[in-house]
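Here's the structure, in structure tokens; my notes come after.
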Amino acid sequence: MSEGQNTKRLVPRLLLVVVGMFGFGFLLVPIYDVMCQAFGINGKPNGSVYEGNAGAVDESRSVRVQFISSNAEGMEWSFGPQASELTLHPGETHEMMFIAHNPTDKPMVAQAIPSVSPSKAAAYFHKTECFCFTQQVLQPGERIEMPVRFIVDTALPAEVRRLTLAYTLFDVTERMAASLDLAAAHGN
């Protein structure tokens, strides 16, 4: 076989591989969603205002809510909940304080990303107030308490007796550098 014939065979094969990789790239998001659903991971909590059975509390059952926090790579703050878990009745409004401290010598901006597991319970976890709704700016050495107020919906499936609310804290200082400079110029 000549080199020209090998090239003519190789080019269509390579094009087929490229098209296959492109198609697989489009399938990754639905595959990821299906895998998360199947394994009960990476639940996205409902950030909307709770409009369910306002005032109705299901005292016939209890749910344990565990709180977990972690820092993304490069985030230097100390960050965590005041308590690791609490037990509540669905329909009750509760609050948990998270404490953040910037131990560095520079102002920093952070963004918390929440996740609820098991994923099927995420639709029943309603945050009415959360520090994750906005970015947090801490000056050097500053320490703050940040509340998350929430309600576990009374429609939560009966087999779910434990929820985990996890936050990952990301350093977004570089993306927000212009805002920090503007605030410093105005004395804020």
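Values quoted throughout were computed directly from the atomic coordinates according to the rules given, and no laboratory measurement underlies them. Keep in mind it's a predicted model, so treat the numbers as computed, not measured. In this analysis, Cβ positions are derived from the backbone assuming ideal geometry, glycine residues included, and neighbour counts consider all displayed protein chains.
Starting from the Cα gyration tensor of the stretch 63-185, take the square roots of the eigenvalues, sort them a ≥ b ≥ c, and report rounded, prolate or oblate (rounded when a/c is under 1.5, otherwise prolate if a/b is larger than b/c, else oblate).
Working: a/c = 2.53, a/b = 2.38, b/c = 1.06.
Cα axes put the stretch 63-185 in the prolate bin.
Determine, for Lys120, Lys8, the number of other Cβ atoms within 10 Å of each Cβ, and report the residues in order from fewest to most.
The most exposed by this proxy come first: Lys8, Lys120.
Mind checking which aspartates and glutamates have their C-alpha under 17 Å from Lys120, skipping anything on the same chain fewer than 8 residues away?
By straight Cα distance, Lys120 reaches Asp33, Asp153, Glu159.
Note down the nm distance, to one decimal, between modelled labels 7 Å out along Cα→Cβ at Phe24 and at Lys120.
Reported label-point gap for Phe24 and Lys120 is 3.2 nm.
Treat each spin label as a single point 7 Å out from the Cα along the C-beta direction, and report the Ser2 to Thr87 distance in nm.
If labels sit at Ser2 and Thr87, their model points lie 8.3 nm apart.
In what sequence do Val17, Val65 fall when counting other Cβ within 10 Å, fewest first? Present the calculation step by step, with values, prior to reporting the outcome.
Details: Val17 10, Val65 20.
Placing the least packed residue first, the sequence is Val17, Val65.
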